[in-house]
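**Student:** Take a look at the following structure, please.
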Amino acid sequence: MNSNAERILETVAGFRQLPEGAFNIRHNGKGVNLRNSPGISIIPRKDGKGITVKVKPGTVGEVMHIPVVIDQSGIIDLVYNDFFIGEDCDIEIMAGCGIHNDGLHLTQHDGIHTFHIGRNSRVRYVEKHYGSGGTAKKVLNPVTNLYLAEGAYMEMDTVQIEGVDTTKRVTNAKLLEKATLVVKEKLLTSGNQTATTDYEIDLDGCGAGVNLVSRSVAKGSSMQEFLSKINGNNECHGHSECDAIIMDNAVVTAIPVVRANHVDASLIHEAAIGKIAGEQITKLLTLGLTQEEAEAEIVNGFLR
Amino acid sequence: MLELKNISFEVRDEQGAGSREILKDVSLCLEDREFMVITGPNGSGKSTLAKIIMGIVKPTRGQIVFDGTDITEADVTERARMRIGYAFQQPVRFKGINVSDLLRLAAGHELSNDQACRYLSEVGLCAVDYINREINASLSGGELKRIEIATLLARGTRLSVFDEPEAGIDLWSFQNLTRIFEKMRNDHNSAAIIISHQERILRIADTIVMLADGRVVKQGSRQEVMPYLMAHAEPCEIGKNFCPDLQRLA
Ligand SMILES: Nc1ncnc2c1ncn2[C@@H]1O[C@H](COP(=O)(O)OP(=O)(O)O)[C@@H](O)[C@H]1O
Ligand SMILES: [Mg+2]
């Protein structure tokens, strides 16, 4: 990999040297390096478009990295990654996609991730998105499908802080009895960027629960759209929260839907869109910060 | 060190027709290392005056001189960089900014954990419990007030304005609070203006200013003003708080 690719890898995956444990590194549309671990086997698909990951029941404490780096302008990469996670596991999966586009062409990565999480397993899934380079478009359209078996727990942390021109994120989830899903989404758009996130979550099992928290900052003339639909199909708890800071000429839309199909479904949605509170800026000014420094601190803290 | 000359602050009233004067021709003079307490009933203009000193509110008339420089037109950042500090009556809450961030921003440089913890201990907070807490709605009013005071300690200000610092510190002794003020005076060769209704804070003042209805109604050394206040005071809460009956004075 060249220095751009290495820099992107470090930004989205947090390493330059190969990490411990299982990993699969995809560069410019091809798997370039892969390692299995005692609990995790990675099987490349025959068509080259992704991987199938099998995690043995009872695998605990392992961390798997699956970063994607694209630094060749014009690549349009469509990838299917399927994860089959056995029962009683406790693992982390660190995904990330970075595009450096110095060329003239649209560069795009659409990752379709499907997780089948076994009974009583815990999975933390982290996904970082990042773009850099010139004016040619960088596009990321991740689709995440989640199937949580009885008692499964998943935390999904997604971050997109910089440089992605257009993104449409679709997340679908089905939760069985006592399964829990926690989603933490962080998003910053600027310039003419657009970002859409669209969640549809089915709480099918008794005692299933979801907590969906989105924090975003929209600057410049960027546009953001937050769509979420939580279907309470049983005795369950659903909570979604969309909290956006709007700046400049940005546009933010939040369209939450909570739908109770069962008398014992308890569903809450909170949405707040507003500019940075004036008193927060004033407080930081009194500590000697300038207006711009104060805004930057507030935004960084908000998205941390 | 600080001179307020004929400060007035006027706002348009709700209907937009007339106007209302919130501060009326207020003049004050604060010497180096002076410890001034401003007291007066709710709505008398104390917080407005504090904000005018910090530059958060611009007076409609009058002049402010700090260390010989006219700062009437200086903005908040400039005044902060001249080492004027203000502890808000109602501390601001944030999302995602934690106590150690605020202390670091206040200090203007990276702080070691030890240093940050020292400021928190000074305000009677157990540092390990608070250093990584977010400054959000999960903190109580009293905790926020103490953190607010700790940020002023971290700043090392030359002039500190505390707006009702005693509010909500029920469990924390006044002795601690007054000790902080005395320590500040010794450490930084600084001066302080404290807005307070508390007799125990008034008792450590060098000078006392009483505001009522936007006007200075009494001003002088503690020895001069205190007896006057006591004579006009009415105990409000089983003699615990000091509550001058200012309607009568005004
Ligand atoms: N910007 C403003 N516009 C209108 N009224 C104000 C403004 N600022 C303060 N006031 C009013 O001025 C009075 C004094 O307020 P304040 O300075 O907060 O008093 P204190 O701190 O002594 O309780 C109050 O009646 C308050 O409502
Ligand atoms: Mg006040």
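The values are calculated or read from the model by the stated rules, or taken from the named source; none is laboratory data. The model shown is predicted, which means the values in this text are computed figures rather than measured ones. Quick reminder, even Gly has a Cβ in these numbers, built from the backbone with ideal geometry, and neighbours come from all protein chains shown.
**Student:** Considering region A:282-304 alone, what residues qualify as being of a type in the set (A, V, I, L, M, F, W, C) and under 24 Å from A:GLU185 (Cα atoms)?
**Tutor:** Matches in region A:282-304: A:ALA294, A:ALA296, A:ILE298, A:VAL299, A:PHE302, A:LEU303.
**Student:** Restricting the search to region B:87-100, which residues are at the interface with chain A (Cβ under 9 Å from one of its Cβ atoms), assigned to a loop (DSSP other than H, G, I, E, B) and of a type outside the set (A, V, I, L, M, F, W, C)?
**Tutor:** B:GLN90, B:PRO91, B:ARG93, B:LYS95, B:GLY96
**Student:** Within region B:49-59, identify whether any single residue is within 25 Å of B:GLU166 (Cβ to Cβ), away from every other protein chain (no Cβ under 14 Å) and not aromatic (Phe, Trp, Tyr), and answer yes or no.
**Tutor:** Taking every residue of region B:49-59 in turn, at least one turns out to be within 25 Å of B:GLU166 (Cβ to Cβ), away from every other protein chain (no Cβ under 14 Å) and not aromatic (Phe, Trp, Tyr).
**Student:** Continuing with this model, one more query. Working only within region A:106-151, note down all residues that are among the polar types (S, T, N, Q) and in contact with a strand residue (DSSP E or B) (Cβ under 6 Å, 6 or more places away or on another chain).
**Tutor:** Selection gives A:THR107, A:GLN108, A:THR114, A:SER121, A:SER132, A:ASN141, A:THR144, A:ASN145.
**Student:** Moving on. Being more than 25 Å from B:ARG222 (Cβ to Cβ) and among the small types (Gly, Ala, Ser) is the filter; apply it to region B:5-57 and report the residue that is farthest from ligand 2 (Cβ to nearest atom).
**Tutor:** B:ALA17
**Student:** Quick one: how many residues across region B:44-79 are in contact (Cβ under 8 Å) with a residue 24 or more places away in the chain, small (Gly, Ala, Ser) and more than 9 Å from ligand 1 (Cβ to nearest atom)?
**Tutor:** Selection size over region B:44-79: 2.
Listed here are the residues, each with its yes/no results for (1) touching an Asp or Glu at 6+ places or on another chain (Cβ under 8 Å); (2) of a type in the set (Asp, Glu).
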position: A:MET223; (1), (2): no, no
position: A:PHE226; (1), (2): no, no
position: A:MET247; (1), (2): yes, no
position: A:VAL263; (1), (2): no, no
position: A:GLU270; (1), (2): yes, yes
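**Student:** Could you say which residue among A:GLU177, A:GLU185, A:GLU200, A:GLU225 is charged (D, E, K, R), under 19 Å from the mean Cα position of the chain (by Cα) and crowded, with 18+ Cβ neighbours inside 10 Å?
**Tutor:** Of the residues listed, the single one that is charged (D, E, K, R), under 19 Å from the mean Cα position of the chain (by Cα) and crowded, with 18+ Cβ neighbours inside 10 Å is A:GLU185.
**Student:** Would you mention how many residues in region A:183-197 are in contact with an Asp or Glu (Cβ under 6 Å, 6 or more places away or on another chain) and in a loop (DSSP other than H, G, I, E, B)?
**Tutor:** Result for region A:183-197: 1.
This table checks each residue for (1) within 16 Å of ligand 1 (Cβ to nearest atom); (2) part of a strand (DSSP E or B); (3) touching a Phe, Trp or Tyr at 6+ places or on another chain (Cβ under 9 Å); (4) under 22 Å from B:GLU3 (Cα atoms).
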| residue | (1), (2), (3), (4) |
| --- | --- |
| B:LEU102 | no, no, yes, no |
| B:ASP129 | no, no, no, no |
| B:GLY142 | no, no, yes, no |
| B:ILE147 | no, no, yes, no |
| B:ALA150 | no, no, yes, no |
| B:LEU153 | no, no, yes, no |
| B:GLY168 | yes, no, no, no |
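Listed here are the residues, each with its yes/no results for (1) away from ligand 2 (no atom under 16 Å from the Cβ); (2) at pLDDT 90 or above; (3) within 14 Å of chain A (Cβ to nearest Cβ).
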| site | (1), (2), (3) |
| --- | --- |
| B:THR151 | yes, yes, yes |
| B:ARG155 | yes, yes, yes |
| B:VAL161 | no, yes, yes |
| B:GLY168 | no, no, no |
| B:SER173 | yes, no, no |
| B:LEU177 | yes, no, no |
| B:ARG200 | yes, no, no |
| B:ASP206 | yes, yes, no |
| B:VAL209 | no, yes, no |
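**Student:** Yes or no: region B:66-77 includes at least one residue that is crowded, with 21+ Cβ neighbours inside 10 Å, over 25 Å from B:ASP206 (Cβ atoms) and either within 16 Å of ligand 2 (Cβ to nearest atom) or within 14 Å of another protein chain (Cβ to nearest Cβ) (or both).
**Tutor:** yes
**Student:** Quick one: which residue in B:LEU125, B:LEU111 is away from every other protein chain (no Cβ under 14 Å) and in contact (Cβ under 8 Å) with a residue 24 or more places away in the chain?
**Tutor:** Answer to the selection: B:LEU125.
**Student:** Test of understanding: among A:LEU267, A:LEU227, A:LEU203, A:LEU212, which residue is away from every other protein chain (no Cβ under 11 Å) and touching a residue at least 60 places away in the same chain (Cβ under 8 Å)?
**Tutor:** From the options A:LEU267, A:LEU227, A:LEU203, A:LEU212, the qualifying one is A:LEU203.
**Student:** Another question, then. Looking at (1) surrounded by fewer than 19 Cβ atoms within 10 Å (Cβ to Cβ); (2) touching a Ser or Thr at 6+ places or on another chain (Cβ under 6 Å), can you tell me which one A:PRO57 breaks?
**Tutor:** (2)
**Student:** State which residue is nearest to B:LEU211 (Cα to Cα) when the search covers only region B:24-43 and only residues that are near ligand 1 (Cβ under 9 Å from one of its atoms) and at pLDDT below 95.
**Tutor:** B:GLY40
**Student:** Sticking with this one: Look at B:ILE84 and say whether it is away from chain A (no Cβ under 14 Å), touching a helix residue (DSSP H, G or I) at 6+ places or on another chain (Cβ under 8 Å) and crowded, with 16+ Cβ neighbours inside 10 Å.
**Tutor:** So B:ILE84 does not fit the description; no.
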